[in-house]
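In what follows, a structure is listed as structure tokens, so that the remarks can point back to it.
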Amino acid sequence: MNKQAPKARPAPAKVPGIYKVDSVRDVAESLNLPNLPDAVASALASDVEYRIQQVVEEAARFMRHAKRTTLTTADIDQALRVLNIEPLYGHFPHNPPAFRRALPFPQMQTAGSVYFVEDEEIEFDRVIREEKISMPKGVSWTAHWLAVEGVQPLIPENPPAAPREIDPDSAAAKTSTANGVSGSVFPLTPPSSDRPSPIQSGKQTQQQNVLVKQTLSRELQLYYTRLTSSLLPPTSDPAKRTAALASLRHDAGLSPLLSYLVHWVGEGVVNTLRGGSQTETDGKLLEVYLDVIAALLDNQTLGVEPYLHQILPSVFSILLYSSLPPSNAIHLRTTAAQILAHLLTHYSMTYPGLPTKIVKTLIVGLIDNKKSRATHEGAIRGLMAIGKEALRQGLVNRSGARTVGEKCMPGESSQLVELVMDGLKLIHPPSAHPVPLDPNSSADSELIEKLHATLGDFFAERVVSDAEWARGILSDEASVL
Amino acid sequence: MSAATPAASTPDGASTPAANPAAEGPSSNTSAIDRMVLEYLRSRGHKDPEKILEEIERSATPSDDQGKQPETTPAHSISQEELVKQLAIFAQKPANPDENALKDGTNVLQELSTMGNPQNIQNLISSIGPVGAEEILSLDPTDKHQGFRELQSWVDGSLDMYRPEFRPILFPIFCHFYLDLVQQGFREAAQDFYTTFSHSLSPIHQTTLHHLSTITLPYHVQTDEVAQRFRSEKYTVRMSRSGFSLLIGWLTEGFGGEPTGTGEGFSGDKGKRGRAAIMRVVNNHLRFDVTSSSTTSVSPRAWEESTGFLSSVVPQTNGSTTDASTYNASKGELKLGPAPIAEELRTETERTLRDQALVDHDPGAQYDIHYARQAPLTGLVSPAISDLPPHPPSFRSVDVKREVEKVRDARKRIRYDPSVLNSANANTPQGAAVRARALPSICAYTFHDVGEGVPCCEFSPDTSLLAAGFSESYIRLWSLKGEKLKGMRSDFQTTSIRDVSSLNKIREKGGSTTRKLIGHSGPVYSVAFDPVGGSASPPRYLLSASADATTRLWSLDTMTNVVAYRGHQNPVWDVKWSPMGIYFATASRDRTARLWSTDRTSALRIYAGHLSDVNAVGFHPNSLYLGTASSDGTARLWDVQRGACVRVFYRHDDIVSTLAFSPDGRYLATAGEDLAIRLWDLGSGRCVKKMTGHTASVYSLAFSAESSLLVSGGADWTVRCWDVKAAGGLPTKARENGATVNGTSDEHPPEKEETTENIETYASR
């Protein structure tokens, strides 16, 4: 009797109604009245149905006055009471019994079906193991601002603002891609818990992993599918991608989606890297993922912090992975490094262990000589982005430069070498007029030894030519130590 | 008519087809009749009665067995009345096939009665009367199908200017046809008829149609209330003179009104009978209110408003049925101005205000009491003190406090002016300021851990208390100021109480900021705090209405139930205090609203007249009038003291579930299951505008203090703000939290000019 539902009564079958003649006959038999004539039975069935409708119509009034939109057994009880009929005892609005149908003899269709109330068997083992739910403390209320001077504040109690069209200029593009769903007709129905959220097909794996299962409103689900489909595949329209990223960067009310998005990125990165990731497309893909992370971090209205531990692995993976597609490698690592730096500047205060965690991971990537050169490169880039001190820690104090140097052919001038040199330059700028260290002077020779010890032969050779620089690199080290 | 439909009105006649095979066996009575029949037919010169019977059977459906012939199955038992009717057909058919059955039928009956039959048949024949023969022709279910289809295509094919006035006649004819079919026992044909045609009528008449669809047995038609209303009352349809003559022309000649070439009129025998069936409904059950105004000068909505069971919905004046606007006009002017205030109270209030202004060293403070009171609007008559329901002649300090606070509140009040929204662009910085001027701040309270639901909740006027009524039959109070809610101990000597301090001694110790009031034995549907304290002091009493048919008065000093007011026989849906306390009104499922005073346990006035549940009551701000909203789709305004209905607000398409008076006393807003909010002008009783936008039922309405803004809340989890003063129509732009909602102008194209979009929507979870 939900009044909201349009009364599109489907054409009833020839035997009208829900209360069947057979049921009447069953009842008659139970009352010891065999051979009830057809006409009588069908008339009775109609009458029973009419009475049921009467009761339901009456119950609907109670439902309406209780300000509900679902009819409960309590309403039926009230209706029976005002109609002067004895109420049906034993039904409670909580836990309405779910009737199930079964065919007692599956091979014999004519035997008819039997209805029963499902009685679930409860295992004590499970009950004991299960988390205990504490008693609620009784009815209580909370208050929040639904609107302040005509503006709905963006607080968790309020539903997220209805998703705007992502960008005016991309609106047309979006509507054209949306199959069947035109862009501007999002009905402003508020999210509801009773609306089931069919999780998109692509997210089945996610179901197992996401611990917090949030119920997404239909609008957000739509938004999510459109967003991900306009971001990927990376070959798609760049304008759309830019628009999608802009939406991620600026739109409010995406917080319910955040866990899904973070997860989506994580999965995507892992899958791409696992697949070998040597092609151009893979590189593009990773680029998009990094862009998404950056956009999420940029969004002022999102509380990304709880998800940092999920975001970090993706960033690290891209930064330190050994075999990124060569064409994009530098760009990817630089971006990842920048994201790390951004994370550190914004969240190191609120997330106490964050700097240590990041720097440690990077240094391990740098000084572990079993790691590939690409990993070293990524680590150095990361450290460079983080700052001078971190870089010094890695390259000098923890002998990162030596590790790298050991892997280099003498006289080699590869990208990695350049990078290390850049790093060293960052630690202390080389002097404009380099004066080489004099191996004859005792102080200088001591310094040279020290250089060889810390930076390794390879890089010591290169630094030796600038006395001031070498001193700078090492002296600051002293001050740090 | 009941005598004229014997076959249908007796269960015997309806179930004859089914009972025939079972009731085999000749009886002396029936054979006598058979003989008489044959004799009669021969005397009339019919050589071949069987042939005639076949002819009739061909035009009828197989399911219809009216053509059962007594000659060929002589042993067949058939009720006597049935037989007589069949005879009537035989008699008229060959003689005058094209003429109305009426004349000939009469002849037949006369002849029959002169033939010297047994006495019982004589009686029967005389009771059938001349219409019996005509009635038989209506028994073919396919006629109705055909007739209605042709009527529908005629209405749809008519000129655009006529269509709005023709369309309303489809619904009553549909209902009557359906009920006829059911009553005559053609269940499947009725079902078929319903499924074929109901969808075109469903948008407006959904509730009634659904109810009709549940009626499937002749017995139900006899007992069902809705069906009986169709049977016994006339359904009024308003038409212009030219439209009416077109309809008559079509009914009698088979064409007229439609564009040339589209209507072929009635064709064939069946078509004629269909037309006859429509004619019958039109003659017996419809009342045409033919206006002299031309078709184009009346808005489509006006056609709709004067359609329906006006005779019962609108109280009769001088025994004649009128439509709502005529009725409202006949009731004269109302005194809608603000209530007067007693002279002594006014002086005292002014004095207090002046004193306080001196104490506060605020000589500029305005202490004129009129400041708080709106200047009476032009055109509104203010009542005199003698017009008000009797109140104690003396005033108490709480009254002074309330009046003083009222003035202060008025000073502090933010004046909302929604009209500024139209001129401002929301995206500019100024836009934000404009919004703040036009739109309110809303604080939402959410109840947690509620078992079966909270049908109602209410804040005290001084916002110190929150009361909520629960489905589990109790009321819970919360102190919003964090004070402990203490009752009284029950173990005390009355002699020991002398002054305030001794009274305080017997207060309960401890206590918490929330308290449960237990007393009702059914869901609590409404609670109301007494308004005497106003915003100055906390309320002392609480009223609650419940499904157990009682209204209870709770003392908030002792936290106990003081009185249970019994009188309603059915659940009480709503209770409201009069604006000045003492009196209160209740609305109940028993179709009445009642007026009570707190010191009497029986009702002072009963306001009866609604045709269905009274869902809500509300006092006019000057307490002279009482508004009621009912499930019969109307709202009424009653004179509180006389108990007479003074205005009928007709009509909503569905249940009206809530109402609100504007504080300036000029408007009434009603809303309900038809998802529209209607604003009525109390003085004229006219609908000012219809505001649509809600997507589920509207639960509550409230005006802002200066009546410029209307706020509504509904089952679609939204709070919507409406501009009361705006002229209606589509505003230049609609803002709705970023997403634009198209209002509902698409759904109600004919009402576009009356539809006002809401100016703001706040969704909540």
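Just so you know, all these numbers are worked out from the coordinates, no wet-lab data involved. Because the structure is predicted, anything quoted here is derived from the model rather than measured. Quick reminder, even Gly has a Cβ in these numbers, built from the backbone with ideal geometry, and neighbours come from all protein chains shown.
Structure values in brief
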{"item": "Under-5 Å amide H pairs with B:SER657, H placed in peptide plane, nonlocal only", "result": "B:ALA671, B:GLY672, B:GLU673"}
{"item": "Overall form of the range A:388-481 per C-alpha gyration tensor (a/c, 1.5; a/b vs b/c)", "result": "rounded"}
{"item": "Spin-label model distance (nm) - B:ARG600 vs A:ASP368, 7 Å beyond Cα toward Cβ", "result": "9.1"}
{"item": "Rounded FRET efficiency, nearest 0.05, which uses the C-beta distance separating B:ASP409 from A:PHE124 and R0 of 56 Å", "result": "0.35"}
{"item": "Principal axis dimensions, the range A:215-352 - Cα atoms, whole angstrom, descending", "result": "40, 38, 24"}
{"item": "Mean separation of Cα contacts under 8 Å (6+ apart) over length of the range A:271-359, as relative contact order %", "result": "33"}
{"item": "Extension reserve of the A:LEU154-A:GLN107 stretch, reckoned as 0.36 nm per residue once the Cα distance is removed", "result": "11.0 nm"}
{"item": "Check: the range A:388-481 dipole with +1 on Lys, Arg Cβ and -1 on Asp, Glu Cβ, in debye", "result": "300"}
{"item": "Order of A:VAL117, B:VAL719 - criterion: other Cβ atoms within 10 Å of each residue's Cβ, fewest first", "result": "A:VAL117, B:VAL719"}
{"item": "Part-to-part distance (alpha-carbon centres) for the range B:481-541 and the range B:662-704, which is given in Å", "result": "36"}
{"item": "Burial order of peptide ranges A:23-36, A:130-143, A:286-299, A:74-87 (average beta-carbon count within 10 Å, highest first)", "result": "A:286-299, A:74-87, A:23-36, A:130-143"}
{"item": "Distance between modelled label sites at A:GLU412 and B:ARG149, nm, 7 Å Cα→Cβ extension", "result": "9.1"}
{"item": "Residue mean of other protein chain beta carbons inside 10 Å, B:186-195", "result": "3"}
{"item": "Label point 7 Å beyond Cα of B:LEU358 along Cβ direction - residues of the range B:390-412 with amide nitrogen under 12 Å", "result": "none"}
{"item": "Length added when fully stretched, A:ILE18-A:LEU80, from 0.36 nm per residue minus Cα-Cα", "result": "20.3 nm"}
{"item": "Normalised contact order of the range A:215-352, rounded percent, pairs of Cα under 8 Å and 6 or more residues apart", "result": "27"}
{"item": "Percent of C-alpha pairs per 10 Å bin, the range A:18-98, short to long", "result": "18, 36, 32, 13, 1"}
{"item": "Nearest-0.05 FRET efficiency for B:GLU225 and A:LEU33, computed from C-beta distance (R0 51 Å)", "result": "0.95"}
{"item": "Per-residue Cβ neighbour rank within 10 angstrom, fewest leading, A:LEU103, B:LEU668, A:LEU302", "result": "A:LEU103, A:LEU302, B:LEU668"}
{"item": "The range A:388-481: relative contact order in percent, alpha carbon pairs under 8 Å with at least 6 residues between", "result": "38"}
{"item": "Residues of the range A:280-309 with amide N under 11 Å of a point placed 7 Å along Cα→Cβ from A:TYR351", "result": "A:297, A:304-309"}
{"item": "Global geometry of the range B:676-715, whether rounded, prolate or oblate, following the gyration tensor of its Cα atoms and the 1.5 cut on a/c", "result": "oblate"}
{"item": "Nearest-20 debye value, the range A:18-98 charge dipole, Cβ charges on Lys, Arg, Asp, Glu", "result": "460"}
{"item": "Linear extension gain, B:SER502 paired with B:ALA705, 0.36 nm per residue minus alpha-carbon span", "result": "68.9 nm"}
{"item": "Inter-label distance, nm, simple model (7 Å from Cα along the C-beta direction), A:ILE133/B:PHE492", "result": "4.3"}
{"item": "Within-11-Å neighbourhood charge of A:ILE380 [Cβ basis; K, R +1; D, E -1]", "result": "0"}
